[in-house]
Amino acid sequence: MEIRFLGGAREIGRSAILIDGSLLLDFGMSTDNPPRLPVGSVDPQAVVVSHGHLDHVGAIPALLSGDTRPPVHWTPPTAELAMVLARDTLKLHGGTYRCPFAETELRRLTQVSETHRYGKPFEAAGYEVTLFNAGHIPGSAHVLVDDGETRLLYTGDFHTEDQRLVSGTTDRLEADVVICESTYSDVTHEPRAEVERAFVESLRTTLWEGGTVVVPAFAIGRTQEAMLVCDAHDLECYVDGMGKRVTGIVRRYPEFLRDPEAMARAKSNARYVSGRDGQRRRIAESGTVIITTSGMLSGGPAMVYVPAIRDNPINKIALTGYQVEGTPGRDLLETGRAEINGRVMPVSARIEAYDFSAHADREGLRAFLASYEAATVLVNHSDRCVAFAEELRGEGLDARAPDLDETVRV
């Protein structure tokens, strides 16, 4: 088996792995400006997608710009989430270098899409492929590829601990080769219950003081998690941005949720924002919790809410996800000011960050890989892949960190 790393090697973003020149696992794009796409040209016989985040699925439609029409395999939630992201990319950046596809490719994607439930083997490019719960977001999957001689497990992004939205992964499939993400290989997450307690106490304090809390959240996964936390602690909230549509999608697939009834209650507890007739500015002044995109303050309704609350030190911005260097969210966290709508704004509102990560941390990665001491481990999806592979080798594992565009033979 030959494994070529077209993206995601020693980096986060544009994940793409080609097996024997025929089976493609993921085809993402980075969030840089301009975005980085997987390297090289590729013409796969089939594509399997691990989950519906931009860095794993964002460039999939571009595969259909030529004459070939490879089938694209994924779970039902991932299929819908990928289309939402693609249409948003086309709407915001269509016809520019930031969107590598057009409406024609989106129509073709719906024609070649094939969905699968967890644990049900299917054929793709001559391989037997099976998807298993990865515990990252609804529909996220470990991908097991079997050619009859070698069993390869591609972890995608995964979490070993339960979130309110999805259960942590418990599947440990027999494999000869493991391609393992390592996003937080040098981090120990604070226990989720403690993060949630601190988050809720902070929100309640601000509301008691008469302030408004803006909770920037990624549309896929984090918005729904924040909604569930608010409902569980009897906190009313408004929800704005793409997360509203994503919530509708994930609710259509209850088997991919940890507690579908809790998600239904959280939806009932939330008030959706239409944005008409100055509604957002009125809400910003009402002393409430607002969950909104974008998670790194790079666009979306947050561009209205942050300027509206920034001058009052009683108000608060509660960041719920990792802030990539160079994003307004990162600048705000580090300097107390950020570029919003083309203008650098100082922010007097309090700024806090909470680790609601949906990735396994150092201990979670080690616990997962303990089941694969006899396997070859190929570390990807991190800016410290080399260091983590060295640590694993020191513990007796056959581990390495392939470079970008490197081909590994196993």
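Taking segment 243-279 as the search range and keeping residues that are under 17 Å from Thr293 (Cβ atoms) and assigned to a loop (DSSP other than H, G, I, E, B), which one is modelled with the highest pLDDT? Selected residue: Val273.
Show me the helices (runs of 4 or more DSSP H) entirely contained within segment 294-369 in which 1 or more residues are closer than 20 Å to Asp88 by Cβ and in contact with a Lys or Arg (Cβ under 9 Å, 6 or more places away or on another chain).
Working: elements: 302-309, 328-335, 362-369.
The qualifying helices (runs of 4 or more DSSP H) are 302-309.
Filtered by the rule that a residue be assigned to a loop (DSSP other than H, G, I, E, B) and open to solvent by 10 Å² or more (accessible area, probe 1.4 Å), segment 4-21 gives Arg10, Glu11, Ile12, Arg14, Asp20, Gly21. The residues of segment 93-130 that are in contact with a Leu (Cβ under 7 Å, 6 or more places away or on another chain), part of a helix (DSSP H, G or I) and farther than 26 Å from His142 by Cα, listed by number, are Glu103, Glu105.
Residue-wise test of (1) closer than 20 Å to Thr376 by Cβ; (2) without any contact (Cβ under 8 Å) to a residue 12 or more places away in the chain.
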| site | (1), (2) |
| --- | --- |
| Gly94 | no, yes |
| Glu103 | no, no |
| Thr115 | no, no |
| Phe132 | yes, no |
| Val143 | yes, no |
| Leu152 | yes, no |
| Gly156 | yes, no |
| Asp162 | no, no |
| Asp171 | yes, no |
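Of the residues screened, Asp88 is not one that is farther than 30 Å from Tyr372 by Cα, in a loop (DSSP other than H, G, I, E, B) and open to solvent by 20 Å² or more (accessible area, probe 1.4 Å). A single entry from Phe158, Phe132 fulfils the requirement of being in contact with a His (Cβ under 6 Å, 6 or more places away or on another chain) and surrounded by fewer than 23 Cβ atoms within 10 Å (Cβ to Cβ): Phe132. Of the residues making up segment 45-85, those that are open to solvent by less than 10 Å² (accessible area, probe 1.4 Å), in a loop (DSSP other than H, G, I, E, B) and more than 15 Å from His116 (Cα to Cα) are Gly58, Ala59, Pro70.
Condition check: over 21 Å from Gly13 (Cβ atoms), surrounded by fewer than 21 Cβ atoms within 10 Å (Cβ to Cβ) and without any contact (Cβ under 8 Å) to a residue 12 or more places away in the chain. Does Arg350 satisfy that? Even if it seems obvious, please write down each step before you answer.
Values: over 21 Å from Gly13 (Cβ atoms): yes; surrounded by fewer than 21 Cβ atoms within 10 Å (Cβ to Cβ): yes; without any contact (Cβ under 8 Å) to a residue 12 or more places away in the chain: no.
Considered against the rule, which asks whether it is over 21 Å from Gly13 (Cβ atoms), surrounded by fewer than 21 Cβ atoms within 10 Å (Cβ to Cβ) and without any contact (Cβ under 8 Å) to a residue 12 or more places away in the chain, Arg350 comes out as no.
Filtering segment 372-402 down to residues that are touching a strand residue (DSSP E or B) at 6+ places or on another chain (Cβ under 6 Å) and among the charged types (D, E, K, R), which residue is most open to solvent (accessible area, probe 1.4 Å)? Per the stated criteria, the residue is Arg393. Only one of (1) over 19 Å from the mean Cα position of the chain (by Cα); (2) free of Cβ contacts under 8 Å to residues at least 40 places away in the same chain; (3) buried (at least 16 other Cβ atoms within 10 Å of the Cβ) is not met by Ser274, so which one is it? Result: Ser274 fails condition (3) only. In this structure, does Thr104 turn out to be modelled with pLDDT of 95 or more and surrounded by 18 or more Cβ atoms within 10 Å (Cβ to Cβ)? When the stated conditions are applied, Thr104 does not pass them.
Can you find a residue in segment 22-40 that is at pLDDT below 95, outside any helix (DSSP H, G or I), within 28 Å of Ser298 (Cβ to Cβ) and in contact with a His (Cβ under 7 Å, 6 or more places away or on another chain)? No, that holds for no residue.
The values are calculated or read from the model by the stated rules, or taken from the named source; none is laboratory data. This is a predicted model, so every value here is computed, not measured. Methodologically, a virtual Cβ is constructed for each residue, glycine included, from the backbone with ideal geometry; neighbour enumeration extends over all protein chains shown. These area figures cover heavy atoms from the full protein model, side chains too; ligands, DNA and RNA do not enter into them. Shrake-Rupley method; radii C 1.70, N 1.55, O 1.52, S 1.80 Å.
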